[in-house]
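Participant: This is the structure I want to talk about, given as structure tokens.
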Amino acid sequence: MKLAASILAADFAHLARDVQRVEAMVDLLHLDVMDGHFVPNLTFGPPVANALRPHTRLPFAIHLMIERPVRYARQFRVGSQDSITVHVEAADPPDEALRVVRSLGCKAGISFRPGTPLEEVLPYLDSVDLVLVMSVEPGFGGQAFLPGALDRIRALRREIGDRAVEIAVDGGIGPENVRAVVEAGADVIVAGSAIFGKTDPAAAARELWARATKRS
């Protein structure tokens, strides 16, 4: 399992500080880029993501919740350990968006909303390194986990088979349900409020690891 800290829940006035507080306890930084069109919220874009780059050794998992990923993906500074994930529901055709992401030399991912049938991402399993399962409706942090996501994770794991494709899960994951998400088949746990929403983010991340790996 990998743990990704979502900076959507961090203090935007002190991003570098907050990231460095958890750097030793997580594997990735998850960056939710929202355009106010694809989802009803605005967050940040390439200037903020690129400015954060020199302040951490962690790979970036950039989640583009935007209508036009083809237009903006090239503006992010990425390397081979980073990833950019696009949505199957975006205005740009997914195959075109994924080709652009691949051309940047980073990993490519596809994501889908809770109400989107799993079948819509299956044609891209041979073109991606990861599938990001949304366990909340994308747009805002702090939402409750949708239990139906567990069945979608299990079904996706069966469809992936022996492909080298990771399953990441994002939304409403905390100590109370992280083990169930891992048992369902998740490889990457994305947590925002469960880490940065706590007084001691490093301790919160440590607890997530403990709960995720505890055998019942």
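We did not get these values from a lab; they are worked out from the coordinates using the rules stated. The model shown is predicted, which means the values in this text are computed figures rather than measured ones. We place every Cβ from the backbone using ideal geometry, glycine too, and count neighbours over all the protein chains shown.
Participant: At what distance in nm do the modelled label points of LYS2 and ASP95 sit from each other, each positioned 7 Å from its Cα along Cα→Cβ?
Facilitator: 2.7
Participant: Can you compute the helix-only [θ] at 222 nm over the chain? Use -39500 (n - 2.57) per DSSP H run of at least 4 residues, normalise by all residues, nearest 500 deg cm²/dmol.
Facilitator: Computed ellipticity for the chain at 222 nm equals -8000 deg cm²/dmol.
Participant: Taking the Cα centre of the chain as the origin, how large is its charge dipole in debye, to the nearest 20, when only Lys and Arg (+1) and Asp and Glu (-1) carry charge on their Cβ atoms?
Facilitator: 580
Participant: OK, next. Work from the charge dipole of the chain (Cβ charges, +1 for Lys and Arg, -1 for Asp and Glu, about the Cα centre) and give the residue of HIS14, ALA194, ILE62 farthest towards its positive end.
Facilitator: HIS14
Participant: Between GLU137 and ALA51, what's the calculated FRET efficiency when r is the beta-carbon distance and R0 is 35 Å? Round to 0.05. Display every interim value, and only then the final one.
Facilitator: On the way: r = 29 Å, r/R0 = 0.82.
Working from the Cβ atoms, E equals 0.75.
Participant: With each pseudo-label sitting 7 Å past Cα toward Cβ, what's the ARG74-THR199 distance in nm, one decimal?
Facilitator: That separation, rounded to one decimal, is 5.0 nm.
Participant: Averaging sequence separations of C-alpha pairs under 8 Å and six or more residues apart, then dividing by the length of the stretch 1-73, give the relative contact order as a whole percent. If you can, show how the numbers build up before the last one.
Facilitator: Details: 97 pairs, mean separation 25.1, N = 73.
Taking the mean separation of contacting Cα pairs over the length of the stretch 1-73, I get 34 percent.
Participant: Would you report the distance distribution of C-alpha pairs in the stretch 2-213 as whole percents per 10 angstrom bin, up to the bin with the largest distance?
Facilitator: Taking every Cα pair in the stretch 2-213, the percentages come to 9, 38, 40, 13, 0.
Participant: Relative contact order for the chain: what is it in percent, counting Cα pairs under 8 Å that are at least 6 residues apart?
Facilitator: Reported relative contact order: 20 percent.
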